[in-house]
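Notes to accompany the following structure.
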Amino acid sequence: MQRLEEDDWVADVGKQLPVSPLSILGFVLAATIGVRIAGETLSTRTILESIFPLVIATAVVLADRFLVAQDVSARDRLTVFAYSLGGFLAAFIVAALHLYIAYLDGLGSRSPLYLLLMSGTMGVGAGTVAGIYDIKQRAATREARRQSERLEEFASVVSHDLRNPLSVARGRLDAAFQTGNADHLKEVDAALTRMDELIEESLSVARSGTQVEETYEVPLEELAGDAWSSTATDEATYEVVDHRTLQVDPLRAKQLFENLFRNSIEHGRADVTIRVGACSGGFFVEDDGHGIPEDERDKILEQGYSTAEDGSGLGLAIVRAIADAHGWSVAVTESERGGARFEFTR
């Protein structure tokens with residue numbers, strides 16, 4: 001499933017901005033209020049007019065910094081900014097109408113522009129709260145949709161992909177009863193083993209679609225090394241060319257690397273060389289094998305797609321599911337040596 005930020009001009013604009021617009025808005029409001037307080041004689045009136053809006057403006061900046069620290073997407077942070085700006089304009093307009101009515105009644109304010117700014121600041125605070133609530137609801141909806149798709153994919157495998165090895169097992173078992181030849185039972189055992197693999201891989205896809213809750217900082221070299229030691233590598237070799245620390249669920253991240261290593265070994269040469277390293281915003285895994293044709297790069301991460309005759313098409317689907325759970329986007333390209341390259345970025 002493609003992530004929302006892909007091919008999204010709003011997200012692209014958000015990523016190119018040097019500073020979050022919500023932080024700028026909150027900082028400008030807080031600075032303006034602070035200058036006003038500093039220039040006024042400290043009084044009960046000044047405190048009542050300024051302190052609460054100043055706290056709200058400061059809280060808006062802190063809330064935006066918290067969203068950045070939580071790796072909330074640029075698109076979602078722009079959504080919160082839009083809510084905040086809408087809150088500012090709504091409160092500003094309502095306050096302006098009240099001040100105008102008061103003016104018509106001969107009750108003009110000593111500093112109407114400042115009062116309008118204070119009202120707008122309150123609106124920014126309310127808009128920020130509404131925006132954060134909205135993006136949390138959207139995230140929950142997206143996660144529920146992903147889970148539903150994982151379950152549908154699992155049901156598809158159970159109902160379709162398992163039929164072939166099940167038919168083989170039944171046929172061989174009948175043949176064993178009819179002929180008494182125990183060699184048929186070897187084929188039954190192989191078919192049952194294949195069914196077990198398909199079930200485990202499908203369950204892994206479904207489970208990996210959930211959000212990661214427990215993450216730790218783990219060196220990229222350690223993750224790759226653990227995965228390599230538990231993979232049947234034959235004559236293949238690997239190297240870690242850069243050092244980086246990733247915030248991951250170690251067990252799921254290890255499975256991601258295992259599946260990528262296995263994919264390179266099974267679809268490349270026996271002596272394929274695999275490289276792991278850091279790239280802008282994340283990390284990559286590449287090899288010097290046969291590579292992936294350009295017209296297949298958008299398909300290989302889909303469940304059920306495989307170029308191997310006996311492949312389940314689940315290995316890279318599991319990679320995609322684990323990447324989704326960690327909030328990574330996956331790009332499939334060509335390595336400098338003509339092999340496959342998988343880039344994982346936020």
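The values are calculated or read from the model by the stated rules, or taken from the named source; none is laboratory data. Bear in mind that the values here come from a model prediction, so they are computed numbers and not experimental data. So basically every Cβ, Gly included, is an ideal-geometry build from the backbone, and we count neighbours across all protein chains shown. The protein model used for the area step is the full one, side chains on, heavy atoms only, and it has no ligands, DNA or RNA in it. Shrake-Rupley method; radii C 1.70, N 1.55, O 1.52, S 1.80 Å.
Are any of the residues in segment 44-56 touching a Leu at 6+ places or on another chain (Cβ under 9 Å), in a helix (DSSP H, G or I) and at pLDDT 90 or above? Scanning segment 44-56, I find at least one residue that is touching a Leu at 6+ places or on another chain (Cβ under 9 Å), in a helix (DSSP H, G or I) and at pLDDT 90 or above, so the answer is yes. If residue 152 passes every condition in (1) over 25 Å from residue 53 (Cβ atoms); (2) modelled with pLDDT of 85 or more; (3) out of contact with any helix residue (DSSP H, G or I) (no Cβ under 9 Å at 6 or more places or on another chain) but one, which one does it miss? Single failed check for residue 152: (2). Determine which member of the set 7, 76, 105, 64 is at pLDDT below 85, within 29 Å of the chain's Cα centre (by Cα) and of a type in the set (Asp, Glu). So the residue among 7, 76, 105, 64 that is at pLDDT below 85, within 29 Å of the chain's Cα centre (by Cα) and of a type in the set (Asp, Glu) is 7.
Pairs are defined by a Cβ separation below 7 Å, a sequence spacing of at least 6 or placement on different chains, a first member in segment 21-32 that is touching a residue at least 40 places away in the same chain (Cβ under 8 Å) and farther than 19 Å from residue 86 by Cβ, and a second member that is assigned to a helix (DSSP H, G or I) and open to solvent by less than 40 Å² (accessible area, probe 1.4 Å); the pairs so defined are 32/117.
For segment 112-154, filtering for residues that are touching a residue at least 40 places away in the same chain (Cβ under 8 Å) and open to solvent by less than 20 Å² (accessible area, probe 1.4 Å) leaves 10.
If you check residue 233 against the conditions, is it at negative phi and either at pLDDT below 90 or in contact with a Gly (Cβ under 6 Å, 6 or more places away or on another chain) (or both)? For residue 233, the condition - at negative phi and either at pLDDT below 90 or in contact with a Gly (Cβ under 6 Å, 6 or more places away or on another chain) (or both) - is met. Taken together, 31, 59, 38, 82 contain a single residue that is modelled with pLDDT under 80, part of a helix (DSSP H, G or I), at negative phi and open to solvent by 40 Å² or more (accessible area, probe 1.4 Å), which is 38. Cβ-Cβ distances below 7 Å connect the following pairs, each with a first residue in segment 256-285 that is over 11 Å from residue 344 (Cα atoms) and open to solvent by less than 10 Å² (accessible area, probe 1.4 Å), a second residue that is among the polar types (S, T, N, Q) and not in a helix (DSSP H, G or I), and a separation of six or more residues or different chains: 261/231. Return the residues of segment 220-268 that are part of a strand (DSSP E or B) and under 17 Å from residue 328 (Cβ atoms); say none if nothing qualifies. The answer is 245, 246, 247, 248.
Looking at residue 212, is it among the β-branched types (Val, Ile, Thr), open to solvent by less than 50 Å² (accessible area, probe 1.4 Å), within 30 Å of residue 22 (Cβ to Cβ) and modelled with pLDDT under 75?
Numbers: among the β-branched types (Val, Ile, Thr): yes; open to solvent by less than 50 Å² (accessible area, probe 1.4 Å): yes; within 30 Å of residue 22 (Cβ to Cβ): yes; modelled with pLDDT under 75: yes.
Yes: the conditions hold for residue 212.
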